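Inspection log for the structure reproduced underneath, given as structure tokens.
The values are calculated or read from the model by the stated rules, or taken from the named source; none is laboratory data. The structure displayed is predicted, hence computed values, not measured ones. Don't worry about glycine lacking a Cβ; one is built from the backbone with ideal geometry, like all the others, and counts go over all protein chains shown. Surface accessibility is based on the protein's heavy atoms, side chains included, excluding ligands, DNA and RNA. Shrake-Rupley method; radii C 1.70, N 1.55, O 1.52, S 1.80 Å.
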Amino acid sequence: METREERIKAEAHALGFELAGIAPATAVDGFDRLRDWLARGFAGDMDYLRRHADARRHPSAVLPEVRSVVMVGMSYAPADKEDQAGPTTGKVARYARGSDYHDVLRAKLNALLAWVQGEVPGCHGRGVVDTAPLLERDFARRAGLGWFGKNTMLLDKRHGSYFLLGALLLDLELRPDPPHATSHCGTCTACLDACPTNAFVAPGVLDSRRCLSYLTIELKGDVPDELRPAMDEWLFGCDVCQEVCPWNRKAPPGKEPDLQARPDLIAVDLIELLGLSEEEFRRRFKGTALWRTRRRGLVRNAALILGNRGDAAALPALERLGNDAETVIREAARWAIEQIRGREPSLTPSPRGRKDEGRGDLP
């Protein structure tokens, strides 16, 4: 006869989670590591991490009566390479190419909770998808779901790192799974070596302030000038450290339809994006992870990418942003225009009062 723990994990799999395990609801292992990381300033402008740091010490901050944490993982690995970048398009991180994963996982966690409550009437619980003060990766490792890679991602031998974590906190005393106690990265440093901004100060230590995912999503102000060229094609997020990871080479594609890539999110037209109003942006991206940046963040990113590309075809759209209501957009557009004009001598304005009228004596 199946145990209660086995039935819960079987139901999680039936709901579409590829990974499922149970961890004890005790103080987290990585709290001191988190405090040190915050003290070193690596969180950048993510003040919410500092404000709620103490709450992350124990899962009871999320559910006071919690006794067990059911950790689940859902794959978003693509069936093929997908990337179709063009001269005026930007790339979106793979996890954000479908519906907003928060909504997808939260609905399934609520369904799992309802199932548990049907099995154990009176049971209380709460589903969490990275919006509550819970160190999900710590509990995922405790629940046997994987190990921490050198790029800080959780890794599983079969699914690599292309999966999203969710947690179901329960007031039930469940038998925990053995924690994942080993690492399988060996001497490989592919993820560290490939990072376009050298954001890893050491294996397993990320300085978010240099990470393209932070710069394109979390940062609300101007992207530092010295990091702008490294954005390359990345409009929202970055997959570089995952793309080079050997454990992702044979990861099977995800099965959840709502996490599969939408054609319009595989390669986003940057010039079209520059022209979107607030209302048009809302209609286009509401219900996706890209909504998190709001228009100001995504248009800022688009302008910077176009500036790096140096294509004069983008100038009219960039110049129209000169009167935009958002300061970060105006600044990014100005910088992009300067980059493009600087690469095209024919576009450089003649000095004031020195119009070339065909005279050969002008320098």
Self-check item: Single residue of the stretch 15-73 satisfying the filter (among the basic types (Lys, Arg) and part of a helix (DSSP H, G or I)) that is farthest from residue 147 (Cα to Cα)
Solution: 51
Quiz item: Do the conditions hold for residue 108, that is, is it open to solvent by 30 Å² or more (accessible area, probe 1.4 Å), outside any strand (DSSP E or B) and closer than 16 Å to residue 130 by Cβ?
Solution: yes
Quiz item: Looking at the stretch 92-145, which of its residues are at pLDDT 95 or above and of a type in the set (S, T, N, Q)?
Solution: 99, 110, 117
Self-check item: Wholly enclosed helices (runs of 4 or more DSSP H) of the stretch 228-331 bearing at least 3 residues at pLDDT 95 or above
Solution: 240-243, 270-274, 278-285, 294-309, 315-319
Quiz item: Hey, among 240, 205, 244, which residue is more than 18 Å from residue 160 (Cβ to Cβ) and either of a type in the set (Val, Ile, Thr) or touching a Cys at 6+ places or on another chain (Cβ under 7 Å) (or both)?
Solution: 205
Quiz item: Which one of 283, 341, 294 is closer than 24 Å to residue 226 by Cβ and either more than 24 Å from the chain's Cα centre (by Cα) or not β-branched (Val, Ile, Thr) (or both)?
Solution: 341
Quiz prompt | Hey, residue 149 under 18 Å from the mean Cα position of the chain (by Cα) and open to solvent by less than 30 Å² (accessible area, probe 1.4 Å) or not | solution = yes
Exercise. Give the stretch 259-291 a look and list any residue that's within 24 Å of residue 163 (Cβ to Cβ) and open to solvent by 50 Å² or more (accessible area, probe 1.4 Å), or say none.
Key: 260, 262, 263, 264, 291
Quiz item: Which is open to solvent by 10 Å² or more (accessible area, probe 1.4 Å), of a type in the set (D, E, K, R) and within 16 Å of the chain's Cα centre (by Cα), of 256, 233?
Solution: 233
Quiz item: Taking the stretch 189-202 as the region of interest, how many residues are of a type outside the set (S, T, N, Q) and either within 30 Å of residue 9 (Cβ to Cβ) or open to solvent by 50 Å² or more (accessible area, probe 1.4 Å) (or both)?
Solution: 4
Exercise. Could you tell me whether any residue of the stretch 82-97 is assigned to a loop (DSSP other than H, G, I, E, B), under 22 Å from the mean Cα position of the chain (by Cα) and of a type in the set (A, V, I, L, M, F, W, C)?
Key: yes
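Kindly indicate which of 310, 322 is at positive phi and surrounded by fewer than 20 Cβ atoms within 10 Å (Cβ to Cβ). Step through it out loud before you land on a result.
On the way: 322 fails: at positive phi.
Only one candidate qualifies: 310.
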Quiz item: From the list 175, 137, which residue is buried (at least 18 other Cβ atoms within 10 Å of the Cβ) and among the basic types (Lys, Arg)?
Solution: 137
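Do the conditions hold for residue 100, that is, is it touching a helix residue (DSSP H, G or I) at 6+ places or on another chain (Cβ under 8 Å) and crowded, with 19+ Cβ neighbours inside 10 Å?
Numbers: touching a helix residue (DSSP H, G or I) at 6+ places or on another chain (Cβ under 8 Å): yes; crowded, with 19+ Cβ neighbours inside 10 Å: yes.
It is true that residue 100 is touching a helix residue (DSSP H, G or I) at 6+ places or on another chain (Cβ under 8 Å) and crowded, with 19+ Cβ neighbours inside 10 Å.
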Quiz item: For residue 114, are the conditions met, namely being open to solvent by 20 Å² or more (accessible area, probe 1.4 Å), over 16 Å from residue 172 (Cβ atoms), in a helix (DSSP H, G or I) and without any contact (Cβ under 8 Å) to a residue 12 or more places away in the chain?
Solution: no
Quiz item: Condition test on residue 205, is it open to solvent by 40 Å² or more (accessible area, probe 1.4 Å), among the hydrophobic types (A, V, I, L, M, F, W, C), within 22 Å of residue 39 (Cα to Cα) and out of contact with any helix residue (DSSP H, G or I) (no Cβ under 6 Å at 6 or more places or on another chain)?
Solution: no
